[in-house]
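Asker: Attaching a single structure in structure tokens format; questions to follow.
The values are calculated or read from the model by the stated rules, or taken from the named source; none is laboratory data. This one's a predicted model, so the numbers in the text were calculated from it and none came from an experiment. As a convention, Cβ positions derive from the backbone with ideal geometry for all residues, glycine included, and neighbour counts pool all protein chains shown.
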Amino acid sequence: MTKTTLLERRMAKPKTRADAKETQERRLLLAMAQLVGRNGYAETSIAQVIERAGVSRKTFYAFFTDKEACFLQAYAQLSGLLIDALVAQGNQAEGADRIEAQLRQYLETLARDPLVARAFIVEVLSAGPKALAAREAVNRQFADLVFAHTSDDALVRKAIIGGVNDVVVGALLSGETDFVSLLPKLTRFVTRRWTA
């Protein structure tokens, strides 16, 4: 069975001109994410992105004004898809089972494409002020929509997300890709009693 990322799953073979345009955009977003994960944000160029996506420079600029806009769009789309998947997963269980199911989904999604995980967890920190603002907004969404049941205090929920992501960053930087092996310890961490 082939592993696919959330962005790849959304790229069906185009049937219409509009579908083809959407597929081109998704290929650009995926190429940006994977190249940033491999090379770092600063070392990734538009030329590399269009080559990997298999589109022209004109096509790139039809969608994005610059590299930053492409990266921010990729970050927003993947984060939105991931949050939707985690909320759906959480709606199917309660209590500790809910947290474990959501953490498993999160870790499995990141493990499907460690380059994309690295781009959006590590490299986003070096992509400039707009990327940092986007990251802050995504973390608030994670706190409010995914981990709302862990604590009544938004700051505590944000700290939980920070702790989980820091463990994943450590795994990424050490070359580990079996993120699901982190599940038992992260589940214990997230399910402990967090008071305001």
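Asker: Return yes when T65 is more than 27 Å from V169 (Cα to Cα), polar (S, T, N, Q) and at pLDDT 95 or above and no when it is not.
Answerer: On the way: more than 27 Å from V169 (Cα to Cα): yes; polar (S, T, N, Q): yes; at pLDDT 95 or above: yes.
Criteria met by T65.
Asker: What helices (runs of 4 or more DSSP H) completely inside region 75-191 contain at least 3 residues that are modelled with pLDDT of 90 or more and surrounded by fewer than 14 Cβ atoms within 10 Å (Cβ to Cβ)?
Answerer: So the answer is 129-141, 154-173.
Asker: Then there is this: Can you name every residue in region 27-59 that is surrounded by fewer than 20 Cβ atoms within 10 Å (Cβ to Cβ) and assigned to a loop (DSSP other than H, G, I, E, B)?
Answerer: Result: G40, A42, E43, S45, G54, V55, S56.
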